[in-house]
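A short write-up of the structure that comes next.
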Amino acid sequence: AVRCPRLRRRSAMAASAAPAGSAATAAAAGDADAADADDAEEAGGDGAADGDAEVAVDGNGIVPAHKLNTILKLVARHWQGRLSRESFANRVPPELWAELEQTTTQEEMLRKAKTYINKEKKGLRQEKAAIRQGEKVVQGKGLLDKYGLLAMPAPEIPGDARWLPDWVKDLPKPCIPELNCLPLRGYFDRRDWPLLKRELSKLREKRQQIEYLAGLVAAKLDARAAAGLPCKEVIDFAGGRGDLALALAWMLKQRGRGERITLVELKKEYVEQGRRRAEEAGLTSSVRFVEANLNDFAEPFDVAVACHACGGLIDLILERCLAAAARGPPPSLVLLTCCFGKIRKHALSFGLRIPASGGTAVESAADFWALCGMADSPKPRESSMAMRILNSDRIA
């Protein structure tokens, strides 16, 4: 059975061009046999040298869709006098022959044949890609239905019009992500407006997320204090240039609180920029920057935060949290995940278990990787559901 519409259409054209048992079919078959007999006689001669002793055709004598390059061999045979005009006409698709019979030179015929072949191959690739995409959609829907009950609740981040913390209004410039992004300055200097617009949009969205995460951290600290749990050490894992850490430090300072924030980051240039921003904002006593690998960081902490810790970094942070819980009171977590497609890149180097639950939540690695692809999908509802399923698997 042929799934591709273009293949089905070609088979139909072949059947209509030379119906089984017709005189045309018999003539075409006779010409084809004669041509093959000629090829056999020339074995070791020109035919063998050209490598075209065998020319693929389907049951109707027409070149099938998956053997389009055979048409070029037929052109060569025709101009060498080894394939009659009638046999040639019956061996190529009718719409192609309508163009080829108007040509007067071999070069012109080859050019038209190549144009037709490239067009047909492109169409076949597109149709096969559409079929694969359709299969992925069906598979994805099945996975979301299968694991839908595992999806973690999705808190909605309020919009600016409905929610704007008081402390944000006085946020100093060094703490505002849009004003401290080095790539953004480069785009502006180069007058690269499309990239500048895209980066500004991402940074504004990130700023809104940071403001919301800071509010969640404050709530966690209040809850720990009310429960008599320690709440002095806050760690911002993979904190980058300090966007979240500096905003959080400013908020706590405005509220008269004394928690200390430590930012852990591997890249030296990010740490240096963060320190400069903290100094400009007057927050050097509130934020400490540590250049270290997450696997090497073993200091105690009470609250773990992370904003856009890509791919498998979240899994390393969860391991740090489990290790901290084994030494004392379990820490509180406020983690914003992203870039699920990078988990595959990190899996081997980080030594991650796939799926993270070992099969108690997401059942197999194949399902896990398929959900990772859906999590990075541009479709909001599909992406949100897949991310929440994967995060549930991480903590299962």
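Using the Cβ of A386 as centre and a radius below 14 Å, the other residues enclosed give a net charge of +2, where K and R count +1 and D and E count -1.
Could you sort out which of K141/K206; K122/K345; K173/K232; K73/K119; K173/K253; K202/K232 sit more than 21 Å apart by Cα distance in this structure?
Numbers: K141/K206 29 Å; K122/K345 31 Å; K173/K232 26 Å; K73/K119 18 Å; K173/K253 16 Å; K202/K232 31 Å.
Checking Cα-Cα distances, K141/K206; K122/K345; K173/K232; K202/K232 exceed 21 Å.
Summing Lys and Arg as +1 and Asp and Glu as -1 over all other residues whose Cβ lies under 11 Å from the Cβ of L200 gives a net charge of +3.
For region 315-325, 3J(HN,Hα) computed residue by residue from phi via the Karplus equation (6.51, -1.76, 1.60; θ = phi - 60°) reads 5, 5, 5, 4, 5, 4, 5, 5, 5, 5, 5 Hz, glycine and proline entered as x.
Summing charges over neighbours of G312, with a neighbour being any other residue whose Cβ is under 11 Å away from its Cβ, gives +3 when K and R count +1 and D and E count -1.
Placing a label point 7 Å from the Cα of I395 along the Cα-to-Cβ line, the residues of region 324-359 whose backbone N sits under 13 Å from it are 331-337.
Extension gain for K342-K119 works out to 76.7 nm (0.36 nm per residue, less the C-alpha to C-alpha distance). Projecting label points 7 angstrom from Cα along Cα→Cβ for K232 and R381 puts them 5.0 nm apart. Taking amide H as placed 1.01 Å from N in the peptide plane, L263 has its amide H under 5 Å from the amide H of D236, R288, F289, V290, each at least 5 places away in sequence or on another chain.
By how many nm would the segment from E178 to V290 lengthen if fully extended, with 0.36 nm per residue of separation less the alpha-carbon distance? Display every interim value, and only then the final one.
Details: separation 112, 0.36 × 112 = 40.32 nm, distance 2.33 nm.
Gain on extension, E178 to V290, equals 38.0 nm.
Quick note: the coordinates plus some simple rules give every number you see, no bench work behind them. Worth saying up front: this structure is predicted, and the values here are computed from it rather than measured. Every residue, glycine as well, gets a Cβ built from its backbone with ideal geometry; the counts of neighbours run over all protein chains shown.
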